[in-house]
Amino acid sequence: MELNYNELNIEKRAFIDGEYVSGIKRETMSRRNSYDGYDLSGITACGHEDVEIAVRAARKSYETGVWKDMPLKKKKEVMLNLADLIEENRKELAMLDTLETCRAFQNYYEDSLPKAIETIRYSAECIDKYYDAAIPPQKGAYATINRIPLGVIAIITPWNDPMVVDAWKYVPALLMGNSVILKPAEQSSLSLIKLADLTLKAGIPKGVFNVLPGYGEIVGKALGMHNDINGIFFTGSSEVGKMIIQYSGMSNMKKVGLECGGKSPFIVSRNCHDLKRAAKILAKNIFYNQGQICSAPSRVIVERVIVEEFVSYLKEECEEYVPGNPFEHRNKVGCIVSKEQYQKVKGYIELAEFEGGVVYQAKNKKEKVEGACCIQPTIITGLSNNARSSQEEIFGPVVSVIEAENLKEAISIGNDSRYGLAGAIFTDDLNEAYYGANHIEAGLVHINSWGEDENNTPFGGIKESGIGKDRSIYAFDEYSQLKTVWMTFQGI
Ligand code: NAD
């Protein structure tokens, strides 16, 4: 496939009320990418004034009912158009995300974009099949329990998989009839700016979908604190997630949804007989995208009697995920998103060594430019679950191997974390699998698998990994509220 990045026609402005605008103050962000230093300067940095204008436009579009009151059949058709338009622009959208985040083009093109398209199609197909409720009939009275939109909602998202993570939010939000203001991460605005134009072409009326690129502390905070926004839905770190709750409390108590960080445990029992398969699945899920995935299994807890054998397989498997040039279509792993994130991950690896851990890194090397922010797949052994590298979210290609005496201890180590996003148990013993499913504290537990969950199941954490769920029909509940309509009848 021919990938000519110089031929991309890149739109860098905000999208408000159906038009691209440079922002009242015409300020921009400056940044270079983390692979070859490509200059990404000039993306609009919105300010408070732009937030005001966008909220007014979104409110107006909501109040006129131009989208909210559109018949379900028509809304579904519009969203299916959007899926088709994304498919038509798949290559360009994947290139934009690669240019900014330096994740491998192959990942975006072959995995993320198809997933985003599928999310839209799945949700659009659900919208006229997901019924509201009513009480059982009784003499003289009847009640319906209706899901109604929230109104104007804000969505704030991270950089690690813009097309997918954002679709999980804006798709159910729009389908429930809300008007949306989306603030992408500073490191991944371009594909979402492009998406805005596609929403208009698909038939989403102006003002209903707005994109405000800019800094979190300015645009994100202004959205969180705004009194005319009815809901704020955030994906990102737990630290910022906690701020979002505060913004809501300090303003109008807007509804909050949070998808935050993780330190997910991958538990391997002595009764797992195919340890090589388990190691293969672990390597794929922690080293893919250089470990920059919220639900990546970054802690593997293994029964002591099998740890040596398991780690030897993991060392073999990690060679598959050596990073290289993200713009080269054949490469399945690109770089860390930024210099700052690269330094942070390296810092954790050094810290693990300082804390007494043994650090192993993949041996293969791929061709890449000097100074590229790539980190070799890294396995840390010899540390307990109390080490900082075992407790804190590194968000890099680093897995900590922690030993346990038996399976019960492994699960209790797995649960000893502030996070609760995902978890897994690998075993051939049905009783152990059942025990694991019931005792692992996570929003999503995998048995003998990882990451194969689909659109028809909810995704989201417990504990400090978040509040609420993305994906599946349950996501519609997040972007709506219940209204009871009680009717009394005299009889005839
Ligand atoms: P981040 O929390 O730094 O930023 C996320 C978003 O919040 C960005 O758009 C940023 O601009 C904005 N933001 C930053 N400061 C803000 C503030 N003070 N007020 C309002 N908004 C603010 O996270 P990140 O570094 O972009 O992404 C990595 C994190 O995201 C990791 O912790 C990862 O686990 C998490 N994540 C979670 C999921 C999930 O579904 N649970 C998915 C992807 C990423």
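The values are calculated or read from the model by the stated rules, or taken from the named source; none is laboratory data. Note that this is a predicted model, so its numbers are computed, not measured. Don't worry about glycine lacking a Cβ; one is built from the backbone with ideal geometry, like all the others, and counts go over all protein chains shown.
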Item to complete: Inspect all residues belonging to the stretch 224-232 and state whether any of them is outside any loop (DSSP other than H, G, I, E, B), buried (at least 24 other Cβ atoms within 10 Å of the Cβ) and either near the ligand (Cβ under 7 Å from one of its atoms) or on the phi < 0 side of the Ramachandran plot (or both).
Response: yes
Worksheet entry | Subset of the stretch 185-223 [closer than 21 Å to Met29 by Cβ, charged (D, E, K, R) and part of a loop (DSSP other than H, G, I, E, B)] | Glu186
Worksheet item: Are any residues in the stretch 233-256 of a type in the set (A, V, I, L, M) and crowded, with 24+ Cβ neighbours inside 10 Å, and if so, which ones?
Response: Ile244
Response to the item:
Going through the stretch 345-361 in order, the residues found to be closer than 13 Å to Ile394 by Cβ, surrounded by 15 or more Cβ atoms within 10 Å (Cβ to Cβ) and not aliphatic (A, V, I, L, M) are Lys346, Tyr348, Gly357
Worksheet, complete the sentence: Expected output for the stretch 332-352 (first residue among the polar types (S, T, N, Q), partner in a helix (DSSP H, G or I), Cβ below 9 Å, 6+ apart or cross-chain) is Ser338/Thr101
Worksheet item: Quick one: what pairs do we get from the stretch 474-485, first residue part of a helix (DSSP H, G or I), second surrounded by fewer than 17 Cβ atoms within 10 Å (Cβ to Cβ), C-beta under 8 Å, 6+ apart or different chains?
Response: Phe476/Tyr130
Worksheet item: In the stretch 408-419, what residues are of a type outside the set (Val, Ile, Thr) and surrounded by fewer than 23 Cβ atoms within 10 Å (Cβ to Cβ)?
Response: Lys408, Glu409, Ser412, Asn415, Asp416, Arg418
Fill in: Filter result (basic (Lys, Arg) and either within 16 Å of the ligand (Cβ to nearest atom) or touching a Phe, Trp or Tyr at 6+ places or on another chain (Cβ under 6 Å) (or both)) within the stretch 181-221
Lys183, Lys221
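Being part of a loop (DSSP other than H, G, I, E, B), farther than 11 Å from Pro213 by Cα, at pLDDT 95 or above and not β-branched (Val, Ile, Thr) is the filter here, so list the residues in the stretch 7-26 that pass it.
Initial filter on the stretch 7-26 (part of a loop (DSSP other than H, G, I, E, B)): 8-13, 17-18, 22-26.
Pick out the ones that are also farther than 11 Å from Pro213 by Cα and you get 8-11, 17-18, 24-26.
The next check asks that each one be at pLDDT 95 or above; those that pass are 10-11, 17-18, 24-26.
Listed by number, the residues that qualify are Glu11, Asp17, Gly18, Lys25, Arg26.
Name the residues in the stretch 56-67 that are assigned to a loop (DSSP other than H, G, I, E, B) and buried (at least 19 other Cβ atoms within 10 Å of the Cβ), would you?
So in the stretch 56-67, the residues assigned to a loop (DSSP other than H, G, I, E, B) come out as 65-67.
The answer is Trp67, and nothing else.
Please pick out the residue among Ser269, Ser295, Ser264 that is of a type in the set (S, T, N, Q), over 21 Å from Arg103 (Cβ atoms), touching a strand residue (DSSP E or B) at 6+ places or on another chain (Cβ under 9 Å) and crowded, with 19+ Cβ neighbours inside 10 Å. Step through it out loud before you land on a result.
Values: Ser295 fails: over 21 Å from Arg103 (Cβ atoms); Ser264 fails: over 21 Å from Arg103 (Cβ atoms).
That would be Ser269, the only listed residue that is of a type in the set (S, T, N, Q), over 21 Å from Arg103 (Cβ atoms), touching a strand residue (DSSP E or B) at 6+ places or on another chain (Cβ under 9 Å) and crowded, with 19+ Cβ neighbours inside 10 Å.
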Item to complete: Please find, within the stretch 473-491, the residue that is nearest to Gly414 (Cα to Cα) out of those that are of a type outside the set (A, V, I, L, M, F, W, C) and surrounded by fewer than 20 Cβ atoms within 10 Å (Cβ to Cβ).
Response: Tyr474
Response to the item:
Looking across the stretch 254-285 at residues that are assigned to a helix (DSSP H, G or I) and basic (Lys, Arg), the single one that is farthest from Val311 (Cα to Cα) is Lys284
